[in-house]
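One structure is given here, and the rest of the page talks about it.
The values are calculated or read from the model by the stated rules, or taken from the named source; none is laboratory data. Note that the structure is a prediction, hence the values are computed from the model and not measured. Because the Cβ atoms are built from the backbone with ideal geometry, glycine has one as well, and the counts that use them run over all protein chains shown. When the accessible area is computed, the model is the full protein with side chains, heavy atoms only, and any ligands, DNA or RNA have been set aside. Shrake-Rupley method; radii C 1.70, N 1.55, O 1.52, S 1.80 Å.
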Amino acid sequence: TGIHVDYRESSPFNQGQDFDLMIASGDYVDIFPASSNLSPDQAFEQDICIDLTGYMDTYLRNYHAILKSNDEYMHTAVNDEGQILSVNSMYDENVAVNSGLVIRKDWLDQLGLDMPETYDDYHKVLTTFKNQLGANAAMHMGSSGVLTGNYFCSGFGINGYVSMMDAPFYQVDGEVKFGPIQPEFKDYLTMMNQWYSEGLMAKDFYAIVDDMGSASEPAVLNGNVGMWYHMADKIGTYNKSASVEGFHAVGLADAVQREGDISHFYQNEGSSKTTNKGISISVQAEDPENILRFFDWFFTKEGSTVANYGIEGTSFEYDAEGNPQYTDLIANNPDYTFQQIALLYCWADIPTIVDRDRSFQATYTQDSLDAIELYGKNTDGAYEMPTRLSFTAAESDEYASTIGDIETRADEQIVRFVIGELNFDSDWDDFVQELKDMGLERCVELKQDALDRYDQR
(Lines give C-alpha, C1' and ligand atoms only; values in the text may rest on other atoms or scores of the structure.)
Protein backbone atom coordinates (compact mmCIF):
# COMPACT_ATOMS: atom_id res chain seq x y z
CA THR A 1 0.00 0.00 0.00
CA GLY A 2 3.00 2.31 0.31
CA ILE A 3 1.88 3.28 3.81
CA HIS A 4 4.28 2.96 6.76
CA VAL A 5 2.84 2.51 10.26
CA ASP A 6 4.59 3.49 13.50
CA TYR A 7 3.32 2.01 16.75
CA ARG A 8 2.95 3.36 20.24
CA GLU A 9 3.09 0.05 22.08
CA SER A 10 1.53 -0.75 25.44
CA SER A 11 1.45 -3.83 27.63
CA PRO A 12 -1.95 -5.54 27.94
CA PHE A 13 -1.74 -4.86 31.68
CA ASN A 14 -1.21 -1.11 31.23
CA GLN A 15 -3.03 -0.29 28.02
CA GLY A 16 -6.14 1.10 29.72
CA GLN A 17 -4.09 3.41 31.91
CA ASP A 18 -1.83 4.38 29.02
CA PHE A 19 -4.85 5.23 26.88
CA ASP A 20 -6.32 7.42 29.63
CA LEU A 21 -2.99 9.20 30.03
CA MET A 22 -2.84 9.82 26.29
CA ILE A 23 -6.33 11.35 26.31
CA ALA A 24 -5.49 13.48 29.34
CA SER A 25 -2.32 14.76 27.65
CA GLY A 26 -4.27 15.99 24.61
CA ASP A 27 -1.67 14.41 22.29
CA TYR A 28 -3.49 11.66 20.40
CA VAL A 29 -2.19 8.93 18.11
CA ASP A 30 -3.72 8.93 14.63
CA ILE A 31 -5.35 5.51 15.08
CA PHE A 32 -6.57 3.80 18.24
CA PRO A 33 -8.60 0.67 19.06
CA ALA A 34 -12.34 1.15 18.91
CA SER A 35 -12.65 -1.15 21.95
CA SER A 36 -10.42 1.01 24.16
CA ASN A 37 -11.53 2.70 27.38
CA LEU A 38 -13.79 4.99 25.37
CA SER A 39 -16.37 3.62 22.96
CA PRO A 40 -16.41 5.26 19.51
CA ASP A 41 -19.58 7.11 20.50
CA GLN A 42 -17.95 8.49 23.64
CA ALA A 43 -14.78 9.38 21.76
CA PHE A 44 -16.81 11.25 19.13
CA GLU A 45 -18.86 13.13 21.72
CA GLN A 46 -15.62 14.21 23.41
CA ASP A 47 -14.11 15.36 20.08
CA ILE A 48 -11.44 12.62 20.08
CA CYS A 49 -12.38 10.62 16.96
CA ILE A 50 -13.86 11.63 13.61
CA ASP A 51 -17.07 10.57 11.87
CA LEU A 52 -16.25 8.16 9.04
CA THR A 53 -19.69 8.21 7.41
CA GLY A 54 -18.71 10.74 4.73
CA TYR A 55 -15.71 8.64 3.68
CA MET A 56 -17.68 5.49 2.89
CA ASP A 57 -18.05 6.08 -0.85
CA THR A 58 -14.56 7.50 -1.39
CA TYR A 59 -11.83 6.06 0.84
CA LEU A 60 -13.71 3.12 2.39
CA ARG A 61 -15.44 1.77 -0.69
CA ASN A 62 -14.50 -1.89 -0.16
CA TYR A 63 -15.50 -1.75 3.48
CA HIS A 64 -18.76 -0.01 2.63
CA ALA A 65 -19.62 -2.57 -0.06
CA ILE A 66 -19.22 -5.38 2.45
CA LEU A 67 -21.33 -3.54 5.01
CA LYS A 68 -24.11 -3.15 2.46
CA SER A 69 -23.93 -6.83 1.50
CA ASN A 70 -25.38 -7.99 4.83
CA ASP A 71 -28.09 -6.43 6.99
CA GLU A 72 -26.36 -7.44 10.22
CA TYR A 73 -23.07 -5.91 9.10
CA MET A 74 -24.70 -2.55 8.44
CA HIS A 75 -26.99 -2.69 11.46
CA THR A 76 -24.06 -3.09 13.83
CA ALA A 77 -21.76 -0.68 11.97
CA VAL A 78 -23.92 2.41 12.49
CA ASN A 79 -24.66 3.98 15.84
CA ASP A 80 -27.99 5.31 17.09
CA GLU A 81 -27.44 8.54 15.14
CA GLY A 82 -26.75 6.71 11.88
CA GLN A 83 -23.02 7.46 12.02
CA ILE A 84 -20.13 5.08 11.33
CA LEU A 85 -17.34 5.90 13.78
CA SER A 86 -15.05 2.88 13.45
CA VAL A 87 -13.83 0.25 11.00
CA ASN A 88 -14.44 -3.20 12.45
CA SER A 89 -13.63 -6.79 11.61
CA MET A 90 -16.36 -9.07 10.31
CA TYR A 91 -16.62 -12.82 10.01
CA ASP A 92 -17.10 -14.52 6.67
CA GLU A 93 -19.71 -16.66 8.45
CA ASN A 94 -21.08 -17.00 11.96
CA VAL A 95 -18.20 -17.32 14.38
CA ALA A 96 -17.49 -20.77 15.73
CA VAL A 97 -18.12 -21.49 19.39
CA ASN A 98 -14.55 -22.13 20.40
CA SER A 99 -14.75 -22.83 24.13
CA GLY A 100 -16.77 -24.95 26.48
CA LEU A 101 -16.71 -27.97 28.72
CA VAL A 102 -14.23 -30.80 28.34
CA ILE A 103 -14.63 -34.33 29.73
CA ARG A 104 -12.48 -37.43 30.14
CA LYS A 105 -13.91 -39.73 27.46
CA ASP A 106 -11.65 -42.58 28.59
CA TRP A 107 -13.26 -42.40 32.04
CA LEU A 108 -16.74 -42.54 30.54
CA ASP A 109 -15.76 -45.61 28.51
CA GLN A 110 -14.07 -47.27 31.47
CA LEU A 111 -17.21 -46.84 33.60
CA GLY A 112 -19.69 -47.66 30.83
CA LEU A 113 -21.26 -44.19 30.98
CA ASP A 114 -22.87 -42.30 28.12
CA MET A 115 -21.94 -38.72 27.28
CA PRO A 116 -24.04 -36.57 29.68
CA GLU A 117 -26.69 -34.25 28.25
CA THR A 118 -28.89 -33.06 31.12
CA TYR A 119 -27.92 -31.68 34.51
CA ASP A 120 -29.08 -34.97 36.04
CA ASP A 121 -26.75 -36.81 33.66
CA TYR A 122 -23.90 -34.54 34.66
CA HIS A 123 -24.58 -35.17 38.34
CA LYS A 124 -24.56 -38.93 37.81
CA VAL A 125 -21.30 -38.83 35.85
CA LEU A 126 -19.51 -36.56 38.32
CA THR A 127 -20.68 -38.63 41.27
CA THR A 128 -19.41 -41.81 39.60
CA PHE A 129 -16.07 -40.16 38.82
CA LYS A 130 -15.73 -39.23 42.48
CA ASN A 131 -16.90 -42.49 44.04
CA GLN A 132 -15.38 -45.03 41.67
CA LEU A 133 -12.25 -43.29 40.41
CA GLY A 134 -11.42 -41.13 43.42
CA ALA A 135 -11.53 -37.84 41.52
CA ASN A 136 -10.91 -35.32 44.27
CA ALA A 137 -12.43 -32.53 42.18
CA ALA A 138 -14.54 -34.27 39.57
CA MET A 139 -15.47 -30.87 38.14
CA HIS A 140 -12.55 -28.44 38.17
CA MET A 141 -13.10 -24.83 37.17
CA GLY A 142 -12.48 -21.43 38.63
CA SER A 143 -15.25 -19.39 40.16
CA SER A 144 -16.28 -17.88 36.83
CA GLY A 145 -16.70 -21.33 35.34
CA VAL A 146 -18.43 -23.09 38.19
CA LEU A 147 -20.84 -20.32 39.04
CA THR A 148 -21.63 -18.03 36.25
CA GLY A 149 -20.38 -19.25 32.90
CA ASN A 150 -22.84 -19.31 30.03
CA TYR A 151 -21.69 -22.79 29.26
CA PHE A 152 -23.14 -24.08 32.51
CA CYS A 153 -26.03 -21.97 33.75
CA SER A 154 -27.48 -21.29 30.30
CA GLY A 155 -29.53 -24.49 30.50
CA PHE A 156 -31.68 -22.70 33.08
CA GLY A 157 -32.56 -20.04 30.51
CA ILE A 158 -30.47 -17.29 32.06
CA ASN A 159 -27.18 -15.52 31.41
CA GLY A 160 -25.07 -15.52 34.53
CA TYR A 161 -21.64 -14.10 33.84
CA VAL A 162 -20.80 -11.62 36.59
CA SER A 163 -17.11 -10.83 36.33
CA MET A 164 -17.11 -9.85 32.67
CA MET A 165 -18.11 -6.54 31.13
CA ASP A 166 -21.88 -6.24 30.66
CA ALA A 167 -22.24 -10.01 30.58
CA PRO A 168 -25.02 -10.59 33.13
CA PHE A 169 -27.49 -8.77 30.90
CA TYR A 170 -29.57 -10.57 28.32
CA GLN A 171 -32.91 -10.04 26.63
CA VAL A 172 -36.04 -12.13 26.13
CA ASP A 173 -38.35 -10.85 23.39
CA GLY A 174 -36.72 -7.44 23.65
CA GLU A 175 -36.97 -7.15 27.45
CA VAL A 176 -33.61 -6.68 29.21
CA LYS A 177 -32.90 -8.84 32.24
CA PHE A 178 -30.05 -9.18 34.75
CA GLY A 179 -29.28 -12.87 35.16
CA PRO A 180 -28.09 -13.17 38.77
CA ILE A 181 -31.35 -11.96 40.31
CA GLN A 182 -33.67 -14.20 38.28
CA PRO A 183 -35.55 -17.06 40.02
CA GLU A 184 -33.97 -19.47 37.54
CA PHE A 185 -30.52 -18.41 38.72
CA LYS A 186 -31.54 -19.16 42.28
CA ASP A 187 -32.54 -22.66 41.11
CA TYR A 188 -29.17 -23.04 39.40
CA LEU A 189 -27.21 -21.94 42.48
CA THR A 190 -29.28 -24.30 44.65
CA MET A 191 -28.12 -27.15 42.43
CA MET A 192 -24.52 -25.97 42.60
CA ASN A 193 -24.73 -25.76 46.39
CA GLN A 194 -25.81 -29.40 46.45
CA TRP A 195 -22.96 -30.45 44.15
CA TYR A 196 -20.48 -28.51 46.27
CA SER A 197 -21.70 -30.12 49.48
CA GLU A 198 -21.30 -33.53 47.84
CA GLY A 199 -17.66 -32.83 47.00
CA LEU A 200 -18.09 -32.82 43.24
CA MET A 201 -16.01 -29.68 42.71
CA ALA A 202 -12.87 -28.19 44.18
CA LYS A 203 -13.50 -26.92 47.70
CA ASP A 204 -11.51 -23.78 46.95
CA PHE A 205 -12.97 -23.11 43.50
CA TYR A 206 -13.58 -19.47 44.45
CA ALA A 207 -9.83 -18.95 44.93
CA ILE A 208 -8.86 -20.32 41.52
CA VAL A 209 -7.92 -17.51 39.16
CA ASP A 210 -9.26 -18.99 35.97
CA ASP A 211 -7.20 -17.79 33.01
CA MET A 212 -9.23 -19.30 30.15
CA GLY A 213 -9.17 -22.64 31.93
CA SER A 214 -5.40 -22.76 32.48
CA ALA A 215 -5.86 -22.88 36.25
CA SER A 216 -7.20 -26.39 35.80
CA GLU A 217 -4.24 -27.64 33.77
CA PRO A 218 -1.98 -29.17 36.47
CA ALA A 219 -4.86 -31.05 38.08
CA VAL A 220 -6.14 -32.19 34.70
CA LEU A 221 -2.78 -33.51 33.50
CA ASN A 222 -2.26 -35.34 36.79
CA GLY A 223 -5.41 -37.32 36.14
CA ASN A 224 -7.49 -36.09 39.08
CA VAL A 225 -10.18 -34.21 37.15
CA GLY A 226 -13.04 -35.54 35.05
CA MET A 227 -14.62 -32.37 33.68
CA TRP A 228 -13.33 -28.85 33.18
CA TYR A 229 -13.57 -25.78 30.94
CA HIS A 230 -11.19 -24.66 28.23
CA MET A 231 -10.70 -23.48 24.67
CA ALA A 232 -11.23 -26.16 22.03
CA ASP A 233 -7.68 -25.96 20.73
CA LYS A 234 -6.37 -26.97 24.16
CA ILE A 235 -8.06 -30.37 23.96
CA GLY A 236 -5.40 -31.67 21.57
CA THR A 237 -2.67 -30.27 23.83
CA TYR A 238 -4.11 -32.09 26.85
CA ASN A 239 -4.28 -35.36 24.96
CA LYS A 240 -0.64 -35.03 23.89
CA SER A 241 0.73 -33.78 27.21
CA ALA A 242 -1.03 -35.93 29.81
CA SER A 243 1.22 -38.45 31.51
CA VAL A 244 -1.77 -40.66 32.37
CA GLU A 245 -2.03 -43.73 30.14
CA GLY A 246 -5.11 -43.74 27.92
CA PHE A 247 -5.98 -40.09 28.69
CA HIS A 248 -8.57 -38.91 26.15
CA ALA A 249 -10.33 -35.54 26.51
CA VAL A 250 -13.23 -34.50 24.28
CA GLY A 251 -15.66 -31.60 24.11
CA LEU A 252 -18.95 -31.70 25.99
CA ALA A 253 -22.15 -29.90 24.93
CA ASP A 254 -23.88 -27.37 27.15
CA ALA A 255 -26.01 -28.95 29.84
CA VAL A 256 -29.81 -28.65 29.57
CA GLN A 257 -32.58 -29.45 32.02
CA ARG A 258 -34.44 -31.86 29.75
CA GLU A 259 -33.15 -33.96 26.89
CA GLY A 260 -33.73 -32.12 23.62
CA ASP A 261 -33.82 -28.63 25.16
CA ILE A 262 -32.08 -25.76 23.37
CA SER A 263 -29.88 -23.23 25.15
CA HIS A 264 -30.30 -19.60 24.11
CA PHE A 265 -26.74 -18.42 24.71
CA TYR A 266 -23.47 -18.83 22.88
CA GLN A 267 -19.87 -18.76 24.08
CA ASN A 268 -17.40 -16.13 22.91
CA GLU A 269 -18.92 -13.70 20.41
CA GLY A 270 -21.71 -16.12 19.71
CA SER A 271 -23.95 -15.74 16.72
CA SER A 272 -22.75 -12.27 15.77
CA LYS A 273 -21.05 -11.81 12.39
CA THR A 274 -19.22 -8.72 13.64
CA THR A 275 -16.49 -8.31 16.24
CA ASN A 276 -15.40 -5.60 18.65
CA LYS A 277 -11.96 -5.50 17.04
CA GLY A 278 -11.70 -2.26 15.13
CA ILE A 279 -10.09 1.14 14.84
CA SER A 280 -11.17 4.76 15.10
CA ILE A 281 -9.34 7.78 13.63
CA SER A 282 -8.42 10.64 15.94
CA VAL A 283 -9.28 14.25 15.21
CA GLN A 284 -5.54 15.01 15.20
CA ALA A 285 -4.76 12.70 12.27
CA GLU A 286 -3.32 14.89 9.50
CA ASP A 287 -4.10 12.48 6.65
CA PRO A 288 -7.28 10.53 7.44
CA GLU A 289 -7.90 9.85 3.76
CA ASN A 290 -4.76 7.76 3.25
CA ILE A 291 -5.17 6.09 6.63
CA LEU A 292 -8.63 4.93 5.57
CA ARG A 293 -7.37 3.82 2.13
CA PHE A 294 -4.80 1.69 3.96
CA PHE A 295 -7.41 -0.02 6.13
CA ASP A 296 -9.85 -0.34 3.26
CA TRP A 297 -7.34 -2.50 1.37
CA PHE A 298 -7.70 -5.20 4.03
CA PHE A 299 -11.33 -5.62 2.94
CA THR A 300 -10.25 -6.68 -0.55
CA LYS A 301 -9.65 -10.36 -1.28
CA GLU A 302 -5.91 -9.79 -1.45
CA GLY A 303 -5.84 -7.73 1.72
CA SER A 304 -7.92 -10.13 3.79
CA THR A 305 -5.72 -13.01 2.63
CA VAL A 306 -2.61 -11.15 3.82
CA ALA A 307 -4.27 -10.37 7.16
CA ASN A 308 -5.35 -13.96 7.74
CA TYR A 309 -2.50 -15.92 6.15
CA GLY A 310 0.46 -13.62 5.55
CA ILE A 311 2.76 -13.83 2.53
CA GLU A 312 2.34 -16.42 -0.21
CA GLY A 313 5.38 -18.67 -0.44
CA THR A 314 6.45 -17.83 3.11
CA SER A 315 3.61 -18.35 5.54
CA PHE A 316 1.08 -19.96 3.17
CA GLU A 317 0.60 -21.66 -0.18
CA TYR A 318 -2.57 -22.23 -2.20
CA ASP A 319 -3.79 -25.83 -2.41
CA ALA A 320 -5.19 -27.52 -5.54
CA GLU A 321 -8.64 -26.04 -4.84
CA GLY A 322 -7.23 -22.53 -4.52
CA ASN A 323 -7.58 -22.33 -0.73
CA PRO A 324 -4.73 -20.84 1.32
CA GLN A 325 -2.95 -23.34 3.59
CA TYR A 326 -0.29 -22.46 6.16
CA THR A 327 3.23 -23.67 5.49
CA ASP A 328 5.17 -25.59 8.14
CA LEU A 329 6.68 -22.27 9.22
CA ILE A 330 3.28 -21.49 10.77
CA ALA A 331 1.62 -24.86 11.25
CA ASN A 332 4.58 -26.82 12.62
CA ASN A 333 7.05 -24.27 13.89
CA PRO A 334 9.46 -25.89 16.36
CA ASP A 335 10.15 -22.71 18.32
CA TYR A 336 6.81 -20.90 18.58
CA THR A 337 3.18 -21.74 19.22
CA PHE A 338 0.73 -21.08 16.41
CA GLN A 339 -0.53 -17.95 18.18
CA GLN A 340 3.02 -16.59 18.52
CA ILE A 341 4.26 -17.32 15.00
CA ALA A 342 1.01 -16.07 13.44
CA LEU A 343 1.57 -12.70 15.09
CA LEU A 344 4.91 -12.45 13.28
CA TYR A 345 3.63 -13.25 9.79
CA CYS A 346 -0.08 -12.41 9.80
CA TRP A 347 -2.10 -9.48 11.15
CA ALA A 348 -4.75 -11.15 13.23
CA ASP A 349 -6.18 -8.03 14.88
CA ILE A 350 -6.41 -5.64 11.95
CA PRO A 351 -9.97 -4.90 10.79
CA THR A 352 -10.66 -7.33 7.96
CA ILE A 353 -12.89 -10.21 6.91
CA VAL A 354 -11.83 -12.85 9.44
CA ASP A 355 -11.48 -16.40 8.16
CA ARG A 356 -12.67 -18.33 11.18
CA ASP A 357 -11.04 -21.53 9.94
CA ARG A 358 -7.54 -20.14 9.60
CA SER A 359 -6.25 -21.45 12.94
CA PHE A 360 -8.41 -24.56 12.94
CA GLN A 361 -6.93 -26.10 9.83
CA ALA A 362 -3.36 -25.57 10.99
CA THR A 363 -3.37 -26.56 14.62
CA TYR A 364 -6.59 -28.27 15.70
CA THR A 365 -6.77 -32.00 16.22
CA GLN A 366 -9.90 -33.87 15.22
CA ASP A 367 -11.02 -33.88 18.86
CA SER A 368 -10.77 -30.08 18.89
CA LEU A 369 -12.68 -29.74 15.62
CA ASP A 370 -15.38 -32.10 16.93
CA ALA A 371 -15.65 -29.99 20.09
CA ILE A 372 -16.26 -26.82 18.07
CA GLU A 373 -19.14 -28.47 16.26
CA LEU A 374 -20.52 -29.80 19.55
CA TYR A 375 -20.30 -26.47 21.41
CA GLY A 376 -22.64 -24.80 18.95
CA LYS A 377 -24.94 -27.78 18.50
CA ASN A 378 -27.76 -27.11 20.98
CA THR A 379 -27.68 -23.31 21.18
CA ASP A 380 -29.45 -20.65 19.13
CA GLY A 381 -28.36 -17.35 20.72
CA ALA A 382 -31.95 -16.08 20.91
CA TYR A 383 -31.48 -14.39 24.31
CA GLU A 384 -28.19 -12.67 23.62
CA MET A 385 -27.74 -8.92 23.74
CA PRO A 386 -26.40 -7.34 20.52
CA THR A 387 -22.66 -6.77 20.60
CA ARG A 388 -22.79 -3.12 19.49
CA LEU A 389 -25.17 -1.34 21.84
CA SER A 390 -24.16 2.24 22.57
CA PHE A 391 -24.71 4.64 25.44
CA THR A 392 -24.62 8.41 25.28
CA ALA A 393 -21.75 9.96 27.23
CA ALA A 394 -24.08 10.80 30.12
CA GLU A 395 -25.56 7.30 30.15
CA SER A 396 -22.11 5.74 30.03
CA ASP A 397 -20.89 7.76 33.01
CA GLU A 398 -24.01 6.92 35.02
CA TYR A 399 -23.81 3.23 34.16
CA ALA A 400 -20.07 2.93 34.82
CA SER A 401 -20.38 4.62 38.21
CA THR A 402 -22.85 1.95 39.37
CA ILE A 403 -22.44 -1.41 37.65
CA GLY A 404 -18.95 -2.25 38.91
CA ASP A 405 -19.96 -2.28 42.57
CA ILE A 406 -23.11 -4.25 41.73
CA GLU A 407 -21.22 -6.96 39.89
CA THR A 408 -18.55 -7.18 42.60
CA ARG A 409 -21.20 -7.60 45.29
CA ALA A 410 -23.11 -10.16 43.23
CA ASP A 411 -19.95 -12.19 42.69
CA GLU A 412 -19.17 -12.22 46.40
CA GLN A 413 -22.65 -13.27 47.47
CA ILE A 414 -23.02 -15.92 44.78
CA VAL A 415 -19.96 -17.71 46.16
CA ARG A 416 -21.41 -17.55 49.66
CA PHE A 417 -24.66 -19.15 48.47
CA VAL A 418 -22.79 -22.00 46.80
CA ILE A 419 -20.54 -22.81 49.76
CA GLY A 420 -23.46 -22.59 52.18
CA GLU A 421 -22.61 -19.42 54.09
CA LEU A 422 -25.90 -17.88 52.91
CA ASN A 423 -29.29 -19.58 53.03
CA PHE A 424 -31.55 -19.52 49.97
CA ASP A 425 -34.75 -19.37 52.04
CA SER A 426 -33.71 -16.56 54.37
CA ASP A 427 -31.08 -14.61 52.42
CA TRP A 428 -32.00 -14.69 48.71
CA ASP A 429 -34.62 -11.93 48.77
CA ASP A 430 -32.24 -9.69 50.73
CA PHE A 431 -29.52 -10.34 48.13
CA VAL A 432 -31.82 -9.30 45.28
CA GLN A 433 -33.03 -6.21 47.14
CA GLU A 434 -29.48 -5.18 48.01
CA LEU A 435 -28.50 -5.12 44.33
CA LYS A 436 -31.62 -3.12 43.51
CA ASP A 437 -30.81 -0.65 46.28
CA MET A 438 -27.34 -0.23 44.73
CA GLY A 439 -28.95 0.96 41.48
CA LEU A 440 -29.43 -2.22 39.49
CA GLU A 441 -32.87 -1.29 38.19
CA ARG A 442 -31.47 1.94 36.73
CA CYS A 443 -28.71 -0.05 35.00
CA VAL A 444 -31.33 -2.34 33.49
CA GLU A 445 -33.27 0.73 32.34
CA LEU A 446 -30.18 2.18 30.65
CA LYS A 447 -29.54 -1.13 28.89
CA GLN A 448 -33.18 -1.28 27.82
CA ASP A 449 -33.01 2.20 26.34
CA ALA A 450 -29.84 1.29 24.44
CA LEU A 451 -31.43 -1.92 23.14
CA ASP A 452 -34.56 -0.05 22.04
CA ARG A 453 -32.47 2.47 20.12
CA TYR A 454 -30.44 -0.34 18.55
CA ASP A 455 -33.62 -2.07 17.35
CA GLN A 456 -34.83 1.19 15.80
CA ARG A 457 -31.68 1.78 13.72
Test of understanding: what is the full-extension gain from Asp173 to Gln456, defined as 0.36 nm times their sequence separation minus their Cα-Cα distance? 100.4 nm
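Can you tell me the FRET efficiency between Thr402 and Lys124 if r is taken as the Cβ-Cβ distance and R0 is 41 Å, rounded to the nearest 0.05? Write down the numbers at each step before the final one.
On the way: r = 42 Å, r/R0 = 1.03.
For Thr402 and Lys124, the calculated efficiency is 0.45.
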Calculating Kirkwood radius over Cα pairs in Å from this structure picks out, from [x] 23.9; [y] 24.8; [z] 23.3, entry [x]
Give, in nm to one decimal, the length gained when the segment between Gln46 and Glu72 is fully stretched (0.36 nm per residue of separation minus the Cα-Cα distance). 6.6 nm
Subtracting the Cα-Cα distance from 0.36 nm times the residue separation, let me have the gained length for Leu344 to Asp370 in nm, one decimal. 6.5 nm
Distance between the C-alpha centers of region 359-413 and region 1-45? Whole Å please. 23
Short version: ³J(HN,Hα) in whole Hz for each residue of region 336-352, in order, from phi by Karplus 6.51 cos²θ - 1.76 cosθ + 1.60 (θ = phi - 60°), x for Gly and Pro, what are they? 10, 6, 4, 4, 6, 5, 5, 5, 7, 10, 10, 10, 5, 9, 6, x, 6
Return the calculated 222 nm mean residue ellipticity for the chain, to the nearest 500 deg cm²/dmol, obtained by summing -39500 (n - 2.57) across DSSP H runs with n ≥ 4 and dividing by the residue count. -12500 deg cm²/dmol
Residue-wise, which Karplus ³J(HN,Hα) couplings in Hz belong to region 322-331, taking 6.51 cos²θ - 1.76 cosθ + 1.60, θ = phi - 60°, and x for glycine or proline? x, 9, x, 10, 4, 7, 4, 3, 9, 6
Reachable lysines, given that their alpha-carbon falls under 18 Å from the alpha-carbon of Lys124 and they are not under 8 places away in the same chain: Lys105
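Between their Cα atoms, which of Lys186/Lys436; Lys277/Lys377; Lys177/Lys234; Lys377/Lys436; Lys203/Lys377 are more than 24 Å away from each other? Write out the running numbers ahead of the final one.
Numbers: Lys186/Lys436 16 Å; Lys277/Lys377 26 Å; Lys177/Lys234 33 Å; Lys377/Lys436 36 Å; Lys203/Lys377 31 Å.
Flagged as over cut-off: Lys277/Lys377; Lys177/Lys234; Lys377/Lys436; Lys203/Lys377.
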Students often check this: by mean Cβ neighbours within 10 Å, which of 341-348, 400-407, 18-25, 182-189 ranks highest, and how do the rest follow? 182-189, 341-348, 400-407, 18-25
How far is it, in nm, from the label point at Arg416 to the one at Ala320 when both lie 7 Å from their Cα along the line to the Cβ? 6.6
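Calculated FRET efficiency, Gln257 and Asp287, Cβ-Cβ r, R0 51 Å, to nearest 0.05? Walk me through the intermediate numbers first.
Working: r = 57 Å, r/R0 = 1.12.
In this case the efficiency is close to 0.35.
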Charge context of Gly251, other residues only, Cβ under 9 angstrom, K/R +1, D/E -1: -3
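What does the charge count around Phe19 come to, taking other residues whose C-beta lies under 15 Å from its C-beta (Lys +1, Arg +1, Asp -1, Glu -1)? Provide the component values of the computation, followed by the final result.
Numbers: positive: Arg8; negative: Glu9, Asp18, Asp20, Asp27, Asp30.
The answer is -4.
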If you take the beta carbon distance between Glu312 and Glu9 as r and set R0 to 30 Å, what does 1/(1 + (r/R0)^6) give as a FRET efficiency, to the nearest 0.05? 0.60
Can you give the accessible area per residue of the chain, in Å², using a 1.4 Å probe? 46
Protein accessible area in the chain, 1.4 Å probe - carbon and sulfur %: 45
Label-point separation in nm, Asn332 to Met115, each point 7 Å along Cα→Cβ: 2.9
